[in-house]
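Beneath this line is the structure, given in structure tokens, with notes to follow.
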Amino acid sequence: MLEFLFKVIVFPGIFFLSAFGLFVEYFDRKLYARLQNRIGPPWFQPVADLIKLLAKEDVIPREANRNMFMMAPVFALTSVITAFLYIPLWKQNSLFSFNGDILVVLYLLTIPTLAFFIGGWYSTSLYARIGSVRSLTQLFAYEVPLFMGILSSALLADSWSLKDITIFYAKHNWLWLVNLLGFAIALVSFLGKLEKAPFDIPEAETEVVAGCFTEYSGRLFALLRLTLDIEMVVGSALLAAVFFPFGLSLPPLLGFLLFIAKVLFIISLISLLRTILARLRIDQMISFCWKYMVPLALLQILVNLFLKGVIL
Amino acid sequence: MHNSDEFRIPIGPQHPALKEPESFSVALKGEKIMGVDIRLGYNHRGIEKAAEERTYVQDIYLIERVCGICSHAHSTCFIQAVEEIAKLAVPKRAQYIRTLIAELERIHSHLLWLGVAGHEIGFDTLLMYSWRDREVVMDILAILTGNRVNYGMNTIGGVRRDISPDQVQQILKAVDTLEERTKYYIEVATEETTIIKRLSGVGVVSYDDALRLDAVGPTARASGVRRDVRADDPYAAYGELDFNVITDDHCDVYGRTVVRVKELMESYKIIRQVLKKLPDGPISVRMPRIIPAGEALSRYEAPRGEDVHYVQANGTDKPARVKIRAPTLANVQVVKHMLKDRYLADMPIVIAAIDPCFSCTDRLIAIKEPDSESANIFTWPALHKYSIDWYKNKGIDFTQLNKKLEERLKP
């Protein structure tokens, strides 16, 4: 029981996740800055930001629905942390596992977006409302290719359980390479989920100030920031588990380092895309997702079905 | 938000998309813009009036501060008008140095614009890169004039500082670097898919509309209007230099970007010619302290478009009237037209595409009666009464004090 609690709360649970999330934020910001020919923040900047925000006063708009406004960040944070527990990190099994957990993780990762929508909508600010409508609209565009991309890999492994998927790919050494198209699709859709450029439409600061987060301040905003950081880690860990399922039987320390390397690799891809692309308009984003990403995801599924039926 | 599907959101006076306070009230239906109300006047500083209170020499530095970016444009424009009234013959070398500073200023302004445009469409990398390269030209300006902005280079009858052969070499070297970087930006701006997606077809102003709405500068030139004071009505040394007026027929924000980056290349060409032809001789003539009565209108192609200054002299050492028409005032009317039936996401870039400089533009302040949607403007006695009542409500009453003051002032 004690060991279980340690695993959930300290390592690799909440504490490790928060610390790693903050480190990943630093990594992302620093890389982004270096790619833009800037110096970038010092390593403790995300921690300092978080402490500063935690020390500040929560201002809740008088018109806002108080409960919804306060609960949305908590919902978002808990759901991303919960999702992390089902993802195999550096071993073949995760903390919890059952058949169908890949879907649970995907849906748990949808909850933050809905929570942002609710928080933004009930804060009654016009900018926040436009931002939240945008984030919901965006959800309908990227969610389908994201699911299709990630599930195409599961389809090949013939299991809805993340643990079984990793075991399957460990058995077939280089088979994960066929899923690279799926990885690209999932990564790009994932940018939409993280609301990062070119899909940072819901929080485009030159249009809608900070989108859903416009009215948030203090501790609640700190929770939202932490949620986004952790979402970045969880999403990258999910992509790493599904698309890079190799080296999972290495000795613990080596395996751990490999896991960190995988996550940082995915984060650097995200930073790179963020550096080289301009923000799209919401209509362009939706047509891009449905016109190009979904057909490509279908292609990946077809390839995987073919492989499964004919070769394996 | 009320229940009808159309609602208004305020972009400004304070908003991250705007670098200066200006109010755009946008009527939205979903993401679509149904109408825009523009209110100017948040940056009114009373410069025209202040200019009447100061001598001509003081006015140079006051008018230089009309704008932080095209400061040389405004001061040159003003000085040209004064020189015309005083019939001063400005030495050739001074003309060339003015042209040189003007083109360096255009480079710094256009690079700044490129960065701002990148930021407005969420492409911060372009912002960081172009502003980094802008430092090169800022350093050159600082070497030549001592200041990065508000150069203080002009004086009535010439310029205040000379250029040494050493500095000429430095400028040439900087121009080479900038030219190479600009070629890269032209490539980025014309080939990067997401940039093109965000810029083309946005903020369209046809050739006829540009003429009808009186657009100036790159905004007009991007709609195919060949209008450039440097070529149409040459001032300073432009008459002796060879350059092209860049026009484009895209008529949209993409066209405006293309015009600006290509104008950068023309500026490098002009600077090289200026440095090659730079004549010897004095850099200024002595100006009379008292300017004879008369009036003059002066035109100048600022980076943002045609700048117009009108000066009326009454035979004293202070001007009787100074009127400034900044290019943004001509262009801001076009914004409303550009935003018709566009999306909210296009709003920042469409506003930015005219390269607005609102503090140059603001010539008056209109104070509306509070809590009224109508355009009722306060009269002076009404505003006075309103202020007294406002303080009374706060518990501050000056009526007794005023009475005492009046009694004491009685003879």
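Listed conditions (1) crowded, with 16+ Cβ neighbours inside 10 Å; (2) in contact with a Lys or Arg (Cβ under 9 Å, 6 or more places away or on another chain); (3) farther than 30 Å from B:L18 by Cβ are all met by B:T145, apart from (3).
Candidates in region A:193-219 are the residues that are away from chain B (no Cβ under 14 Å) and crowded, with 24+ Cβ neighbours inside 10 Å; of these, the one that is nearest to A:V263 (Cα to Cα) is A:C212. B:G46 satisfies every condition listed in (1) modelled with pLDDT of 80 or more; (2) within 23 Å of B:Q333 (Cβ to Cβ) except (2). List the number of the failed condition for B:I47; all other conditions in (1) hydrophobic (A, V, I, L, M, F, W, C); (2) more than 10 Å from chain A (Cβ to nearest Cβ); (3) in contact (Cβ under 8 Å) with a residue 60 or more places away in the chain; (4) touching a Phe, Trp or Tyr at 6+ places or on another chain (Cβ under 9 Å) hold. Every listed condition holds for B:I47 apart from (4). Taken over region A:119-133, the residue count meeting the criterion of being more than 15 Å from A:D200 (Cβ to Cβ), small (G, A, S) and part of a helix (DSSP H, G or I) is 2. Residues that are over 28 Å from B:P303 (Cα atoms), modelled with pLDDT of 80 or more and of a type in the set (S, T, Y) number at least 3 in the following helices (runs of 4 or more DSSP H) confined to region B:326-411: B:380-393. May I ask you to list the residues in region A:265-293 that are surrounded by fewer than 17 Cβ atoms within 10 Å (Cβ to Cβ), out of contact with any Leu (no Cβ under 8 Å at 6 or more places or on another chain) and more than 14 Å from chain B (Cβ to nearest Cβ)? Across region A:265-293, the qualifying residues are A:F265, A:W290. Examine region A:117-132 for a residue that is β-branched (V, I, T), within 14 Å of chain B (Cβ to nearest Cβ) and surrounded by 15 or more Cβ atoms within 10 Å (Cβ to Cβ), and state whether such a residue exists. Yes, there is a match, as at least one residue in region A:117-132 is β-branched (V, I, T), within 14 Å of chain B (Cβ to nearest Cβ) and surrounded by 15 or more Cβ atoms within 10 Å (Cβ to Cβ). When B:I33, B:I85, B:I9, B:I38 are checked against the criterion of being in contact (Cβ under 8 Å) with a residue 12 or more places away in the chain, among the β-branched types (V, I, T) and farther than 30 Å from A:T124 by Cβ, B:I85 stands alone in meeting it.
Would region A:71-82 turn up any residue that is assigned to a helix (DSSP H, G or I), touching a residue at least 24 places away in the same chain (Cβ under 8 Å), crowded, with 20+ Cβ neighbours inside 10 Å and among the aromatic types (F, W, Y)? The answer is no; no qualifying residue exists. On the stretch given as region B:50-95, residues that are closer than 30 Å to B:E180 by Cα, surrounded by 24 or more Cβ atoms within 10 Å (Cβ to Cβ) and of a type outside the set (G, A, S) total 5. When residues in region B:213-234 are screened for being surrounded by 16 or more Cβ atoms within 10 Å (Cβ to Cβ) and either of a type in the set (A, V, I, L, M, F, W, C) or assigned to a helix (DSSP H, G or I) (or both), 12 of them pass.
For region B:285-325, residues that are among the β-branched types (V, I, T), surrounded by fewer than 22 Cβ atoms within 10 Å (Cβ to Cβ) and not in a strand (DSSP E or B) total 3. Residue check: is B:R54 over 28 Å from B:M265 (Cβ atoms), away from every other protein chain (no Cβ under 14 Å) and not in a strand (DSSP E or B)? Against the criterion (over 28 Å from B:M265 (Cβ atoms), away from every other protein chain (no Cβ under 14 Å) and not in a strand (DSSP E or B)), B:R54 qualifies. Pairs are defined by a Cβ separation below 7 Å, a sequence spacing of at least 6 or placement on different chains, a first member in region A:247-269 that is under 22 Å from A:I167 (Cβ atoms), and a second member that is of a type in the set (K, R); the pairs so defined are A:L248/A:K91; A:G255/A:K91. Scanning region B:58-84 for residues that are within 21 Å of B:A237 (Cβ to Cβ) and of a type in the set (V, I, T) yields B:I60, B:T76, B:I79, B:V82.
Please tell me if B:A210 is part of a helix (DSSP H, G or I) and farther than 26 Å from B:R181 by Cα. Answer is yes for this residue.
Which residues, taken from region B:63-101, are within 13 Å of the chain's Cα centre (by Cα) and small (G, A, S)? Correct list: B:G68, B:S71, B:A73, B:S75. Just one of the listed residues (A:I276, A:I282, A:I267) is aliphatic (A, V, I, L, M), at pLDDT 90 or above and closer than 30 Å to B:Y129 by Cα, namely A:I267.
The single condition from (1) away from chain A (no Cβ under 14 Å); (2) not in a loop (DSSP other than H, G, I, E, B) that B:C67 fails is (2). Step by step: first the residues of region B:119-142, then only those that are farther than 11 Å from B:A174 by Cβ and within 19 Å of the chain's Cα centre (by Cα), then the one that is surrounded by the most Cβ atoms within 10 Å (Cβ to Cβ). Which residue is that? Residue satisfying both the conditions and the ranking: B:E120. Considered as a group, the residues in region A:20-38 that are in contact (Cβ under 8 Å) with a residue 60 or more places away in the chain and within 15 Å of B:W131 (Cα to Cα) include one that is farthest from the other protein chains (Cβ to nearest Cβ), and that residue is A:L35. Of the helices (runs of 4 or more DSSP H) lying entirely inside region B:89-205, those carrying at least 1 residues that are away from chain A (no Cβ under 14 Å) and in contact (Cβ under 8 Å) with a residue 12 or more places away in the chain are B:92-120, B:124-145, B:165-191.
The values are calculated or read from the model by the stated rules, or taken from the named source; none is laboratory data. Because the structure is a prediction, the values reported are computed rather than measured. Counting neighbours? That spans all protein chains shown, and the Cβs are built from the backbone with ideal geometry, glycine included.
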